[in-house]
Amino acid sequence: MVTESLFEASSERLARALAHVAVSDDTLERLRLPKSVLKVSVPVRMDDGSLRTFPGYRVRYDDSRGPCKGGVRYHPDVNVDEVQSLAFWMTFKCAVLDLPFGGGKGGVTVDPKQLSQLELERLSRRYIDAIADFIGPDVDVLAPDVYTNQLVMGWMMDQYSTIRRQISPAVITGKPLSMGGSRGRDTATADGAFDVIETLLPKRYRGDGPPTVAVQGFGNAGATLASLLFDAGYRVVAVSDSKGGIHAPEGLHIPSVRKVKEEAAELEAVYCDGSVCDLVEHERLDAGELLELDVDVLVPAALENAVTEANAGAVGAKVVFEVANGPLTPQADDILADRGVWVVPDILTNAGGVTVSYFEWVQNRAGLYWSADEVRGRLRDRMTAQAERVWTIAEDGDMTLRTAAYVHALRRLGEAIDAKGSAETFRARR
Ligand code: NAD
């Protein structure tokens, strides 16, 4: 799981951005520490009648630009450092997309696979009991993350509404549609990543035919994005999951791969077994081999730290779009930059999810719900505009796209922090 390495990676990237942007000392001082960190115990009555308590956390890293926003993670490795790191990251992601939110994150140290459905429901409701005074539509807005989903969001929203004695859908996003969820939330991350690819790839890709793509991680985000790219005429030549990968230089038929995977539950079963092999010849890959394929575009959409100092030299792609959070270490970044590989960072590429979360919050507060087309159109406009801004900053400042994204976010954070008065303001008026 993500721990301090993520914080170190984010801090390192922030340090690199600081070389390119003048922000006030106040801004740096405000961003040095989280605004508040809440640690709670979550008592749960188990099915056998016993009582167990689980450690829980909620961190508000910075709210200079608006209420904090961030997911809730259920995992045995959750700890306060991890939650703090992820809240820091959310602060920058929301700023890149110009969402009126700061960064937050929460979690419970628990193995949800060991709980029954009823125990999971009690855990979710007791977590909200424990943090209810710390969150709210204008304070800190929750969302799904690792091992939390729509069902969990619905329980949490219901519990918060019970405590407040008023229906409060805007306290949490990623809810079921019937409880105030937004259309388009389930595919938002892939939709947003597709928009970023469509905006930025033409600035780099000079080939004649359709660009070739390899997707590492065929889950919610990766498989949906592979379908969107396939439908748009890209040649998706390889996909992988935790069991292994498949490769076909002439292109995979993604709808069939998805169908077979859904039926068989893993990609290994797709390999020369079932309908896909009838559609196109393909070879089997080890998970690591996919990263080395000579393709135009690599999409890491699985786990953090997939590309490190150890394997960055072997990456065969010309452009990398980071759909996973933190798939490249800072050392890998340097190696790829030296080799002329263009990396489009996670805080831009995968921000479609939090952007549609923002739309959900807006719809809840307005009480007016948008069509799928309206959500998609607004998402496209925002992703395209911010991708263009990041690209322009990178071009003008001769920096990587990642550094440009951090510069872009830092400027916005600095403006918000200084608007309340900076050292300069007060020195000038003394
Ligand atoms: P998921 O669990 O649905 O899918 C992850 C996929 O990665 C699975 O198919 C898994 O088998 C595969 N995988 C695991 N280890 C692998 C390996 N070593 N090699 C190849 N494949 C491997 O998760 P998801 O929701 O699609 O999220 C994927 C990444 O995108 C995560 O980093 C997540 O934080 C990030 N992300 C997701 C969203 C979202 O809305 N889903 C939003 C922002 C960021």
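Please treat every number below as a calculation from the coordinates, not as lab data. Just so we're clear, the structure is a prediction, and the values are computed from it rather than from any experiment. Reconstructed Cβ throughout: ideal geometry from the backbone, glycine too, with neighbour counts over all protein chains shown.
Just to confirm my numbers, what's the Cα centroid distance between the range 284-334 and the range 76-110 in Å?
24
Considering the alpha-carbon set of the range 144-184 alone, what are its Rg and its Dmax in angstrom?
9.8, 29
So which aspartates and glutamates pass the test for LYS203, namely a Cα distance under 14 Å, with those fewer than 8 places away in the same chain ruled out?
Counting by Cα, and skipping residues close in sequence, LYS203 has these aspartates and glutamates nearby: ASP195, ASP296, GLU388, GLU395.
Spin-label point model (7 Å from Cα, Cβ direction): what's the GLU29 to ARG284 distance in nm?
6.1
Quote to one decimal, in nm, the extra length available between GLU262 and GLU415 on full extension: 0.36 nm per residue of separation minus the C-alpha distance between them.
50.4 nm
At q = 0.25, 0.27 Å⁻¹, what is the base-10 log of I(q)/I(0) for the range 374-430 according to the Debye formula with one equal point scatterer per Cα and no solvent? Please give it to two decimals.
Log-scaled intensity ratios, in q order: -0.91, -0.96.
Give the distance, in whole Å, between the Cα centre of the range 360-379 and the Cα centre of the range 137-155.
Their Cα centres are 18 Å away from one another.
Could you sort the peptides 326-333, 127-134 by per-residue average Cβ neighbour count (10 Å cutoff), highest mean leading?
326-333, 127-134
Take every DSSP beta bridge whose two residues both sit in the chain, then give the antiparallel share in percent to the nearest 5.
So the antiparallel bridges in the chain amount to around 45 percent.
Suppose the chain between ASN305 and GLU395 were pulled fully straight at 0.36 nm per residue; how much longer would it get relative to their current alpha carbon spacing?
29.7 nm
Rg over Rh of the chain, using C-alpha atoms and the Kirkwood radius, what does it come to?
0.97
Note the direction-averaged projected area, equal to a quarter of the hull surface, for the Cα convex hull of the range 162-244, in nm².
Details: hull surface 32.4 nm².
Projected over every direction and averaged, the Cα hull of the range 162-244 covers 8.1 nm².
Averaging the inverse of every distinct alpha carbon separation and then flipping it gives the Kirkwood radius. What is it for the range 321-430, in angstrom units?
Kirkwood hydrodynamic radius for the range 321-430: 16.5 Å.
Using Cα centres only, tell me the gap between the range 224-249 and the range 172-207 in whole Å.
Each part's Cα centre sits 17 Å from the other's.
Are there trypsin sites (Lys or Arg not before Pro) in the range 320-408 that DSSP puts in a loop and that have at most 11 other Cβ atoms within 10 Å, and which ones?
ARG339
In whole angstrom, and with the biggest value first, how far do the Cα coordinates of the range 119-168 range along each principal axis?
Principal-axis extents of the range 119-168 (Cα, largest first): 25, 18, 18 Å.
Computed over the Cα atoms of the range 75-232, what is the convex hull's projected area averaged over all directions, in nm²?
It is 11.4 nm².
Straight-line reach from LYS69: which lysines have a Cα under 27 Å away, not including same-chain ones fewer than 8 places off?
LYS35, LYS39, LYS93, LYS105, LYS113, LYS175, LYS420
Give the range of the longest stretch in the chain that excludes all GluC sites (Glu not before Pro) found in loop regions by DSSP and having at most 14 other beta-carbon atoms within 10 Å.
Formally, the longest exposed-site-free interval is 1-249.
Comparing SER227, SER182, SER85, which has the greatest mean-square fluctuation in the GNM of the chain with Cα pairs linked when under 10 Å apart?
Evaluated over the chain, the most mobile residue of the options is SER227.
In a Gaussian network model over the chain where Cα atoms closer than 10 Å are linked, find which of ALA17, ALA419, ALA248 has the largest mean-square fluctuation.
Result: ALA419 has the largest fluctuation of those listed.
Could you name the lysines whose alpha carbon sits less than 21 Å from that of LYS261, not counting residues in the same chain fewer than 8 places away?
Qualifying lysines at Cα under 21 Å: LYS243.
Give me the one-decimal nm value for the distance between modelled label points at LYS39 and ARG164, 7 Å along each residue's Cα-to-Cβ direction.
Calculated label separation equals 2.8 nm.
Could you work out which residue, out of SER41, SER178, SER24, moves most in a Gaussian network model of the chain, that is, has the largest mean-square fluctuation with Cα springs under 10 Å?
Of SER41, SER178, SER24, the Gaussian network model singles out SER178 as fluctuating most.
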